[in-house]
């Protein structure tokens, strides 16, 4: 609860008895309330009077409805310096700077007695320069000044770090430094001076955080920061809490290089460049370019045996399920080749026999001993019902070039000079020739593409 003073704090009250003062609001427009001027929870000096009786004291402002002022300590009153038992009626209560307070400050350099605002056990110092002794009344802390001698702070909490010879001895809260001190961090090339702070729960649980003090060896941009803990009375190893600037710069440079290939980050850098210029292995995100297999944004993966003669690249457009590949041999790129996937297989591999085809009766357009061709890039099927001749079986033949013929079946047959009917079904490969020799035809059907 800090001690506060403020100008023009003046309120009315109808409080009776010896309890807290119920504050009734600012006395007029030129005045402010205790809540506004001093603040809730803060302590101040006050004077209260009904025109004849009076009370000067120290009180604490409390928020509420209405706000109140607790009467903590009476400095002077019309009731023999005791609390006044107020009768009914209007009264005034206002902030003051009591003479007792001002005189105590003025004389603080002349004596050694602890003032009323400094409770026993708190740090209190005195100085011949009383004007410099500004203080936080409730916290009972005075600023250290030159010449202070009473209740001085320990060296570890002083103006400079406490010098030590062994970091294992730095067990209490404070700041320390040591040159060639035992049990300091070990850093290759670092200086021997270390300084840092200690945070202690007790002598068995301590945290030390230190940094290199001198830059003679490591340089101004290469300072190290280390930390270690003492756990259950046992010191743990030092660990690096922060990289030096040199180390950070080196990591940043590495990450900047790796980031181009999506290795050190979650994304890759957009390149407005030909894939021919990307000689390093890695992953790239490219803008449309004439040297790509498609004019589209997409992802390029490069593998390099060397940067000039032997590489492989794969490209996948951003918005299509297609992937292309090419390779370089002796510094010459092959054409882009597309991988076959379930999305594009129809563009490269024709559908199976019967898919996208239908049977058609072509009996009227077909004759014996006449050559026909499958003109498509797909296989077709031919079914013939025929009758053998009196001199031999009716042969169904196929040729890839209309020169070399192979008999693949008989549409009709002959048995000891007697002909008989027969059926044959033949698959004709793309661009192959076919014919039926001898006998007669009852029915001829073929599959056609639809």
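Among the residues of segment 266-291, how many are in contact (Cβ under 8 Å) with a residue 40 or more places away in the chain and part of a loop (DSSP other than H, G, I, E, B)? Break it down into steps so the answer makes sense when it comes.
Residues of segment 266-291 that are in contact (Cβ under 8 Å) with a residue 40 or more places away in the chain, as a first pass: 275-276.
With part of a loop (DSSP other than H, G, I, E, B) added as a condition, the list becomes none.
Residues meeting the conditions: 0.
Would you point out the residue of segment 9-32, among those that are assigned to a loop (DSSP other than H, G, I, E, B) and loosely packed, with under 15 Cβ neighbours inside 10 Å, that is nearest to the chain's Cα centre (by Cα)? Working first, answer last.
Going residue by residue through segment 9-32, those that are assigned to a loop (DSSP other than H, G, I, E, B) are 14-16, 18-20, 23-25, 27-31.
This time we only want the ones that are loosely packed, with under 15 Cβ neighbours inside 10 Å, so: 14, 16, 18-19, 25, 28-30.
Details: 14: 61, 16: 63, 18: 61, 19: 58, 25: 53, 28: 57, 29: 55, 30: 55 Å.
Here the answer is 25.
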query = Would you call residue 52 free of Cβ contacts under 8 Å to residues at least 40 places away in the same chain, surrounded by fewer than 18 Cβ atoms within 10 Å (Cβ to Cβ) and closer than 21 Å to residue 98 by Cα?
reply = yes
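Can you name every residue in segment 355-372 that is part of a loop (DSSP other than H, G, I, E, B) and either closer than 30 Å to residue 292 by Cβ or in contact with a strand residue (DSSP E or B) (Cβ under 7 Å, 6 or more places away or on another chain) (or both)? Spell out the reasoning first.
At the first step, the residues of segment 355-372 found to be part of a loop (DSSP other than H, G, I, E, B) are 355-356, 362, 366-371.
Hits for segment 355-372 are 356, 362, 366, 368, 369, 370, 371.
Where a number appears in this text, it was derived from the coordinates with a stated rule and is not lab data. Note that this is a predicted model, so its numbers are computed, not measured. All Cβ positions, glycine included, derive from the backbone under ideal geometry; neighbour counts span all protein chains shown.
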